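> Mind looking over this structure? Questions follow.
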Amino acid sequence: MYGYLKKVVTSEGIDGVKGAFEIINDPMMYRLITSLALAKITDEDIELIVNGKYNFQYSSDDIEEFLHYFFNVKEWTLPRKQEYVDQVKDSGLKRFYKLALKGDKDYLVWKLGAAPEKSFDHMLRDMMTDSYYNFKERAKADPELAQK
């Protein structure tokens with residue numbers, strides 16, 4: 001970071017720092033990447049989601065440096081993350097961060113608008129599988145609700 005800001009050659013290099021600053025200035029990417037990071041999605045998967053869905057060419061170094069310098073939550077516990085989310089003033093970010101903490105990564109990615117396109121057959125198969133297991137789970141505790 002120092003090498004990039006002061007234009008000094010360092011042994012670590014400055015790969016990714018410029019891209020990290022670009023991510024900060026891009027509200028959509030900031031929301032997407034920080035939400036995914038809170039949900040414990042790996043840096044590599046974040047890169048695939050960002051570049052696969054939006055066709056933005058942020059490198060793995062850009063995303064890695066952004067997460068290292070500007071949003072490093074890897075070592076945070078769940079209570080620490082909840083405390084941080086409670087302090088966020090932007091209601092849009094707060095909504096996605098709360099979704100991230102719930103743990104349903106697929107739903108979060110979908111809500112962020114970054115879900116990959118699936119065929120109708122694939123979506124229908126997923127729905128039927130989920131419905132079946134939901135029924136099996138509820139059938140013992142509340143058979144009437146399970147039937148509904």
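> Would you check which residues across the stretch 35-77 are among the basic types (Lys, Arg) and surrounded by 20 or more Cβ atoms within 10 Å (Cβ to Cβ) and list them?
Result: no residue meets the conditions.
> Same structure, new question: Which residue pairs have Cβ atoms closer than 7 Å, lie 6 or more positions apart in sequence or on different chains, and pair a first residue in the stretch 93-110 that is modelled with pLDDT under 90 with a second residue that is not in a helix (DSSP H, G or I)?
Lys105/Ala39; Lys105/Ile41; Leu108/Ala39; Val109/Ala115
> If you go through the stretch 61-74 one residue at a time, do you hit one that is out of contact with any Asp or Glu (no Cβ under 6 Å at 6 or more places or on another chain) and farther than 18 Å from Ile46 by Cβ?
No: zero hits.
> Take Glu137 and decide whether it is in contact (Cβ under 8 Å) with a residue 12 or more places away in the chain and among the acidic types (Asp, Glu).
So Glu137 does not fit the description; no.
> Further question: For the stretch 54-148, which helices (runs of 4 or more DSSP H) that fit wholly inside it have 1 or more residues that are touching a Lys or Arg at 6+ places or on another chain (Cβ under 9 Å) and not assigned by TED's automatic domain parsing to the domain that holds Asp43?
120-141, 143-147
> Of the residues Ala139, Ala115, only one is over 27 Å from Lys40 (Cβ atoms), small (Gly, Ala, Ser) and surrounded by 11 or more Cβ atoms within 10 Å (Cβ to Cβ); which?
Ala139
The values are calculated or read from the model by the stated rules, or taken from the named source; none is laboratory data. Just so you know, these numbers come straight off a predicted model, no measurement behind them. Note that each Cβ is placed from the backbone with ideal geometry, even for glycine, and that neighbours are counted across all protein chains shown.
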